[in-house]
Amino acid sequence: MITYDLNESDSNCEIILSLQPRTSGGGGVSREEVMGLTAKDMEERLPVVFDPDDVYLRYPTDYNECLNTTLVQEVTKFTRLERVMVSTLASLQLALKGLVVLSSELEAMGNAVYDGKVPAPWMGKGYPSLKPLPLWYADLLKRLDFMQGWIENGTPDVIWISVFFFPQGFMTANVQNYARQKQIPVDTVQFGHVLLKEEPSELKSKPSSGCYIYGLFLEGARWDKRNNTLTDPKPKELFAPMPVIHLVPEVDRAPNPENGGIYRCPVYKILTRTGTLSTTGHSTNFVFWLEVPSTKPTVFRNSLVSETNAQIKLCDQSYWIKAGVACFCALKY
């Protein structure tokens, strides 16, 4: 109900905002001045654009380290986004000063900047996000800082899963690393999930196998660290942070734990839970299934295409299914 009210409020505010006059009257800062100052501030705070070729030289394709390829691919995508931002921010400032023609694209971008929305050219090159422009830009700077730290210091001990354009590529790279290390077929390896009590800052080294990830948020429930189980959310709590998760590669992993006791929680990139059906048969918004321990009654349901191609029964918990519990890499605010 709270989520519904928030969505309705956002929709009404967007309608009111769209009805505002496009010209400024009286004193104070004009609309164009606000656009120019905002564009200048963002341009000054934007870090130096990555050099993908330099990153590739430092992290070349390596049979035994597939994360090098993941890093280069992600840096390339961030570079495309940054180049578009640098170009459009500079053009917008020149157009507002009358030094270049204010095209319809630049006008639409200026309106988006004024209204606090992410401009369409940036969304086209960027990652999925529902955040307004100020929070989107702050989030972008954090992502760029994380990637810069990776480039300078090597693979982090704990990975911020939300930083990636394509988190599935990162997870696949870890599976490939393990399969090549053990010299086994990659399609026999799947991830198990262990939810840890430690905070990201307390983990000072990488695990012997797999990886540590953090940055997920849970909707419709919360994680009880003391009892190591999923539990009902606190009153008026819409989202709760998930703990650090150890993705543990396992060979020929059984589809169901012996004693059940898990909720198969879907993990999405953003809150809409919807996306475009890709050629793999999965939604572009879906990331993976996370097995979360829980003490609720266990039921068995038919498997989904996103879980396995085999037609089998998987243990799950209808209590959390009915509550619509899911994890997300990024929130709206």
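The values are calculated or read from the model by the stated rules, or taken from the named source; none is laboratory data. As the structure is a computational prediction, the values presented were derived from the model and not from experiment. Every residue, glycine as well, gets a Cβ built from its backbone with ideal geometry; the counts of neighbours run over all protein chains shown.
Here are the numbers for this structure:
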| item | result |
| --- | --- |
| Unique residue being modelled with pLDDT of 90 or more and in contact with a His (Cβ under 6 Å, 6 or more places away or on another chain) when the list is Glu219, Glu291, Glu250 | Glu291 |
| Among the residues listed as Val194, Val113, Val86, the single one being more than 17 Å from the chain's Cα centre (by Cα) and in a strand (DSSP E or B) | Val194 |
| Strands (runs of 3 or more DSSP E) wholly inside segment 252-333 that include at least 1 residues being touching a Leu at 6+ places or on another chain (Cβ under 7 Å), in contact (Cβ under 8 Å) with a residue 12 or more places away in the chain and surrounded by 19 or more Cβ atoms within 10 Å (Cβ to Cβ) | 262-268, 286-293, 326-328 |
| Asp232 being surrounded by fewer than 16 Cβ atoms within 10 Å (Cβ to Cβ), more than 22 Å from the chain's Cα centre (by Cα) and closer than 20 Å to Arg264 by Cα | yes |
| Qualifying residues in segment 54-68 (those that are in contact (Cβ under 8 Å) with a residue 12 or more places away in the chain and surrounded by fewer than 20 Cβ atoms within 10 Å (Cβ to Cβ)) - the one nearest to Arg31 (Cα to Cα) | Tyr56 |
| Identity of the residue in segment 254-273, modelled with pLDDT under 90 and more than 18 Å from Tyr319 (Cβ to Cβ), that ends up farthest from the chain's Cα centre (by Cα) | Glu258 |
| The lone exception for Leu71 - which of (1) buried (at least 18 other Cβ atoms within 10 Å of the Cβ); (2) part of a loop (DSSP other than H, G, I, E, B) it fails | (2) |
| Some residue of segment 321-331 being small (Gly, Ala, Ser), under 30 Å from Pro132 (Cβ atoms) and in contact with a Ser or Thr (Cβ under 6 Å, 6 or more places away or on another chain) | yes |
| Condition check for Leu144: touching a Pro at 6+ places or on another chain (Cβ under 7 Å) and modelled with pLDDT of 95 or more | yes |
| Identity of the residue in segment 208-227, farther than 17 Å from Cys327 by Cβ and in contact with a strand residue (DSSP E or B) (Cβ under 6 Å, 6 or more places away or on another chain), that ends up surrounded by the fewest Cβ atoms within 10 Å (Cβ to Cβ) | Ser209 |
| Among residues of segment 205-217, those that are farther than 19 Å from Met171 by Cβ and out of contact with any Asp or Glu (no Cβ under 9 Å at 6 or more places or on another chain), counted | 0 |
| Hits in segment 180-194 - residues which are touching a residue at least 40 places away in the same chain (Cβ under 8 Å) and either touching a Phe, Trp or Tyr at 6+ places or on another chain (Cβ under 7 Å) or farther than 26 Å from Trp223 by Cα (or both) | Arg180, Gln181, Lys182, Ile184, Thr188, Val189 |
| Residue under evaluation Ile213, criteria (1) out of contact with any helix residue (DSSP H, G or I) (no Cβ under 9 Å at 6 or more places or on another chain); (2) part of a strand (DSSP E or B), criterion not met | (1) |
| Residue count, segment 252-262 (criterion: over 14 Å from Asp187 (Cβ atoms) and either in contact with a helix residue (DSSP H, G or I) (Cβ under 9 Å, 6 or more places away or on another chain) or aliphatic (A, V, I, L, M) (or both)) | 2 |
| Filter result for the condition that a residue is of a type outside the set (S, T, N, Q) and under 25 Å from Asn285 (Cβ atoms), over Gly116, Gly110 | Gly116 |
| All positions within segment 219-251 that are closer than 23 Å to Asp187 by Cβ and assigned to a loop (DSSP other than H, G, I, E, B) | none |
